[in-house]
Amino acid sequence: MNEMTASAIPDLALMQSIDRRVVASFTSAGFEQIEPAVMQPADVYLQQIGEAIRGRTYVFTDIDGEELCLRPDLTVPAARVYIERQQELGEKARVCYSGTAFRYPYDGPAHGNAREFRQAGIEIFGKEDAEKAEAEVLSYTIAALTEIGVTDYTIRLGDLGLFYALLEAIEMPVRWRKRLSENFWRKNEFSKILKRLGEPNNHEYQKDLAALLRKITDENQKEAENHVGKYLADRNIPLIGARSLTEITNQLITKASDLIAEPLAAEKIELIDRYLEISAPPKAVGARLQDLASNAGLDITQALDRYQKRIEWLSKMNVDLSHAEFTADFGRQIEYYTGFVFQVEKQNMGVEGHLAGGGRYNNLLKNLGLSRKTPAIGAAIHLDRLAALNEGATT
């Protein structure tokens with residue numbers, strides 16, 4: 001465990017210099033600087049970021065009983081500022097920020113895993129040319145890092161949109177697509193789910209539960225609830241917590257549907273596995289994915305066209321893709337992402353070498369309360385890690 005230090009910033013002058021130069025890089029590119037709140041409503045926030053970060057978020061209750069959290073990143077707070085100030089900022093807005101974020105650390109070096117660390121970032125809200133905006137965000141991120149003197153980096157690229165397109169093209173129950181897409185970030189759980197979908201009857205259940213599931217498959221809702229209520233009562237299982245009998249019944253009906261469904265064909269499972277194993281230079285990916293889909297008789301043309309258009313824009317913006325690698329199973333660890341994702345890394349440095357990252361998140365604004373679905377993409381730079389690199393260069 002990292003020791004608690006008295007100073008949040010070991011070298012204040014260095015951090016202030018890096019902060020100013022990164023923010024100046026963003027504002028000179030046309031981004032308006034905002035200052036999101038440090039404290040956030042916990043329930044709104046924690047529903048959006050995913051379990052990998054949710055479990056490392058500092059949550060507390062104030063004296064009025066309101067559950068709050070210290071922001072573990074700045075994208076959600078920036079999105080809330082946009083929603084609050086939309087009339088002022090406009091339907092389309094470009095904002096930047098810098099500030100402190102807080103997460104319970106992994107074990108490791110202080111600069112890589114401090115409980116309190118600084119981020120600077122950009123967000124593009126509203127409908128624009130999607131692939132152009134994605135290329136711009138990566139280009140501006142690289143430009144800011146270059147301004148600080150970062151060289152010898154690699155760029156890891158991913159695309160959740162391609163994965164979702166593949167799932168849509170493969171014939172399977174909608175609930176299975178939802179289950180797989182919701183567990184994309186949890187590699188071990190994802191593998192277990194995919195394996196279970198290919199097993200006869202898809203799931204193993206206790207004998208008496210299997211009997212109940214078969215019984216409720218063809219029942220109407222009221223009759224199904226009666227059967228489930230009797231099942232729980234016979235075993236003295238009380239209805240405790242937030243889930244009602246109706247919610248429990250609906251979950252069991254889903255399980256019942258799985259129990260009688262045909263298992264997912266082995267060739268479909270192999271296809272998904274083969275997709276997730278793809279790792280290649282970005283310009284070579286399109287042909288490999290087209291071959292994979294064509295050989296399986298699937299059409300993912302629209303997703304591939306968006307991918308190729310993004311690559312073209314990155315080339316136009318002089319992003320050096322010789323430093324980049326596309327990895328199909330890469331989605332970062334924040335679960336609000338819906339499409340293009342990237343991470344800028346220093347090799348052989350572990351987590352403290354992850355200098356910047358971002359991606360597209362088209363559902364977040366509506367999930368936070370905006371009346372309509374609004375596309376968005378952004379990125380954040382880890383300023384503490386930049387400071388560590390600069391300290392190392394000067395010692």
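Determine, for Thr57, Thr301, the number of other Cβ atoms within 10 Å of each Cβ, and report the residues in order from fewest to most.
Result, fewest neighbours first: Thr301, Thr57.
Which distance in Å, rounded to a whole number, links the C-alpha centroids of segment 330-395 and segment 30-105?
What the calculation gives is 14 Å, centre to centre.
How far, in nm, would the chain grow between Glu199 and Ala287 when pulled straight, counting 0.36 nm per residue and subtracting the alpha carbon separation?
So the extension gain works out to 28.5 nm.
Direction-averaged shadow area of the convex hull around the Cα atoms of segment 283-372, nm²?
8.1
No lab work stands behind these numbers, since they all come straight from the coordinates. These numbers come from a predicted model, not from an experiment. We place every Cβ from the backbone using ideal geometry, glycine too, and count neighbours over all the protein chains shown.
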